[in-house]
Amino acid sequence: MGTVDKPQLLFYQKMGELFYAIAAADKVVRKEEYNALKNIVAEQWKNLDDYEDPFHTDAAYQIEVVFDWFDYEQLDAKDCFESFADYKKEHPKLFTKERKDLIWKTANAIASAFAGKNKSEVIMLAKLKMLLDK
């Protein structure tokens with residue numbers, strides 16, 4: 001079984017925050033965006049490592065938990081993105097090439113899930129691309 005590692009757990013929570021920001025960039029989180037997230041978490045994030053949360057569930061599911069909570073609370077997408085950006089700057093070692101590639105793939109899938117990417121999502125994706133390339 002995996003291990004509980006608080007920095008890794010926070011990493012997954014910050015991913016949920018980022019992906020919520022992408023989905024909420026246009027002020028509406030659609031079911032298709034959430035379903036795209038769930039599919040990628042199940043198919044790819046879950047297999048990324050073997051970290052678990054304190055309940056012995058794969059830590060990757062923290063992505064969905066945070067996404068759901070932020071959607072329920074209707075948090076501001078720009079604030080969430082900035083919070084993620086600050087986290088990334090403070091913890092660059094957690095962002096391996098493999099993780100950055102998966103972050104980019106997930107963000108694009110969410111943005112494309114409902115009628116293609118709109119202007120708000122394109123702008124946020126451009127900011128994410130620059131952040132990941134640093």
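The values are calculated or read from the model by the stated rules, or taken from the named source; none is laboratory data. Being a predicted model, the structure only gives us computed values, none of them experimental. Cβ: placed from backbone, ideal geometry, glycine included. Neighbour counts: every protein chain shown. For the accessible areas, the whole protein counts, side chains as well, though only heavy atoms, and no ligand, DNA or RNA atoms are used. Shrake-Rupley method; radii C 1.70, N 1.55, O 1.52, S 1.80 Å.
Put a dot 7 Å past the Cα of ASN39, heading toward its Cβ, do the same for LYS89, and the two dots end up 3.5 nm apart. Between segment 66-110 and segment 25-58, the alpha-carbon centres lie 12 Å apart. Checking every one of the chymotrypsin sites (Phe, Trp or Tyr not before Pro) in segment 1-85 against DSSP loop status and a limit of 15 other Cβ atoms within 10 Å picks out PHE55.
Within the accessible area of the chain, the carbon and sulfur atoms contribute 54%, probe 1.4 Å, all protein chains present. For the chain, the longest principal axis of the alpha carbon atoms and the long axis of helix 31-43 meet at an angle near 30°. Determine the shape class of segment 39-97: with a ≥ b ≥ c the square roots of the Cα gyration tensor eigenvalues, call it rounded for a/c under 1.5, and otherwise prolate if a/b is greater than b/c, oblate otherwise. Oblate shape, in that a/c is at least 1.5 and b/c is the bigger or equal ratio.
Once the C-beta distance of THR57 and ARG99 is scaled by a Förster radius of 30 Å, the resulting FRET efficiency is 0.95 to the nearest 0.05. Can you tell me how segment 31-73 classifies by the Cα gyration tensor, rounded, prolate or oblate, using a/c under 1.5 as the rounded cut? Verdict is oblate for segment 31-73. Can you classify segment 76-134 as rounded, prolate or oblate using the Cα gyration tensor, where a ≥ b ≥ c are the square roots of its eigenvalues, rounded means a/c under 1.5, and otherwise it's prolate if a/b beats b/c and oblate if not? Since a/c reaches 1.5 but b/c is at least a/b, the shape of segment 76-134 is classed as oblate.
The simple spin-label model puts a point 7 Å past each Cα toward its Cβ; for VAL28 and LYS127 those points are separated by 2.1 nm.
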